[in-house]
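One structure is given below, encoded as structure tokens.
Please treat every number below as a calculation from the coordinates, not as lab data. Predicted model only: the values in this text are computed from it and were never measured. Cβ sites come from the backbone with ideal geometry, for glycine too, and all protein chains shown count toward neighbours.
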Amino acid sequence: MNFTAFWKRTLLFACLTGSPIYFLWAQGDNDNFQRQDRFTLYYSDSWELTTPDKAAYTREGTVNFIDMVFYGVFKDYSREHKLVRDGFYDDQGVKRGLHTEYFQNGSVKSTMEYAEEGFIIWELTNDMGENEVTRGTGKFTVFYYNFEQVDRSLKLVEGVLNGEFLNGKRTGTWTYKKDGGQEWDEELYERGMLTKRTSVSASGTVELHEIKPVIISLSSLVTEAFSFDPSSYTHLNQFFEQYGPAYPTTFQRSITFPGGIKKLLLLLSANYSIHTDEVKLASVTVDENGNLTKIKMGGRQDLQRELERTIKPFELKFLPAVANGKAYESTVKIPISNDGQWISFLQNSSEDAIYTYLATVNQD
């Protein structure tokens, strides 16, 4: 299946109808539910979802149950009900505004501001009690994380970032060094503007023109992925069956995944190792309890094996389709490809545009 041809058909269909097409991917009118679904989540000491009796932390927050993202204000508490962290997510599940972490004595450990341009550290005190950044000024050292493709699979990579802020603006030299120090990035800033970025790896040195995308908070990465304690649950949906709010009878959604279907398609694209300029369709069945019961890709056996390998890291995090407030077994077709044009479409498209494309795929 050629992606360009399919996308042209999708655009034509959308233009003729005058509105997005949802079909199997219909989400329904769920605004009232989303405004009322603030509830408590329970976390282990490694910030994995767990049972209340095992919880080291709790979160009072709101979840968009269509795309499985946090939105609005959240507050995290310790077992002793001391405030650990607070902040805000926009309606796309993206960190925005000020996020603050606290020491056990209630003093501020860090305050970071998140915007489209990246993050600003306004306050940062290390574990030795030393102030590294005060009122947006100071040199700092923090761990950073991102995902890279290693041996045909996505791996979480950790490194150390050294940088400096001056009055809330990036300044001077920022260095990112991965474990082992064999690969690193260097950025130069002047008055908050990136003037140069150099990336060094085993394949050589390249000059880049955008800020290196990194994740600063490992605990946020774990909570946003809705990671769960395997000693408490066999798959993610079990937590929400036991402790999530009841779905109202008006609630509708398709099969979903933490971060939304766009996030899932990007992860599958990054994990798929057979290079192709076509979009392959995989049939996925998720039962009413969130179990992935069947996956199938037509054609060669090697494609089926690669599909199974590609989807395996994510198979325990699917959540079931819901109609009229009740979960049900559903089979849908999802596209998989590592073609650059397809990945660019995913990265630059809204959730609505992706749902429109998926609806067209599932009509055939």
Lysines whose Cα lies under 22 Å from that of Lys262, excluding same-chain neighbours fewer than 8 positions away: Lys8, Lys95, Lys155, Lys212, Lys280, Lys294, Lys296, Lys312, Lys317, Lys333
Here the gain from full extension of Ser350 to Leu188, 0.36 nm per residue of separation minus their alpha-carbon distance, amounts to 55.1 nm
In nanometres, what is the gap between the two model label sites at Lys169 and Asp91, each 7 Å from Cα along Cα-to-Cβ? 3.4 nm
Farthest towards the positive end of the dipole of the chain, among Trp47, Gly290, Gly168 and with Cβ unit charges of +1 on Lys and Arg and -1 on Asp and Glu, lies the Cα of Gly290
How high is the relative contact order of the chain, in percent, with contacts defined as C-alpha pairs under 8 Å that are six or more residues apart? 16 percent
If I model a spin label as a point 7 Å beyond the Cα along the Cα-Cβ vector, how far apart are those points for Phe147 and Val200 in nm? 2.9 nm
Protection proxy ranking of 171-180, 99-108 - average other beta-carbon atoms within 10 Å, highest first: 171-180, 99-108
Can you figure out the FRET efficiency of Glu158 with Ile274, using R₀ = 30 Å and their beta-carbon distance, to the nearest 0.05? 0.55
Semi-axes a, b, c in Å (a largest) for the chain, each sqrt of 5 times a Cα gyration tensor eigenvalue, come to 35, 27, 19
Using alpha carbon coordinates only, what is the Rg to Rh ratio of region 121-223, with Rh defined as the Kirkwood radius? 0.99
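Nearest 20 debye, what's the magnitude of the dipole of region 121-223 about its Cα centre given +1 on Lys and Arg Cβ and -1 on Asp and Glu Cβ?
260 debye
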Calculate, in nm to one decimal, what Lys139 and Leu208 gain on full extension: separation in residues at 0.36 nm each, minus their alpha carbon distance. 22.5 nm
Considering the options Ser231, Leu266, Ala321, tell which one lies farthest towards the positive end of the dipole of the chain, charges being +1 on Lys and Arg and -1 on Asp and Glu at the Cβ, about the Cα centre. Ala321
Using the Cα centre of the chain as the reference point, and only Cβ charges (+1 on K/R, -1 on D/E), how large is the resulting charge dipole? Debye, rounded to the nearest 20. 440 debye
Inter-site label distance for Thr100 and Ala246 at 7 Å from Cα along Cβ, in nm: 3.7 nm
FRET efficiency (Lys54, Thr293; Cβ distance; R0 25 Å; to 0.05) is 0.30
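Fewest Cβ neighbours within 10 Å first, please rank Tyr145, Tyr43 accordingly.
So the residues, fewest neighbours to most, are Tyr145, Tyr43.
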Please work out the Cα center distance from region 303-356 to region 75-92, rounded to the nearest Å. 30 Å
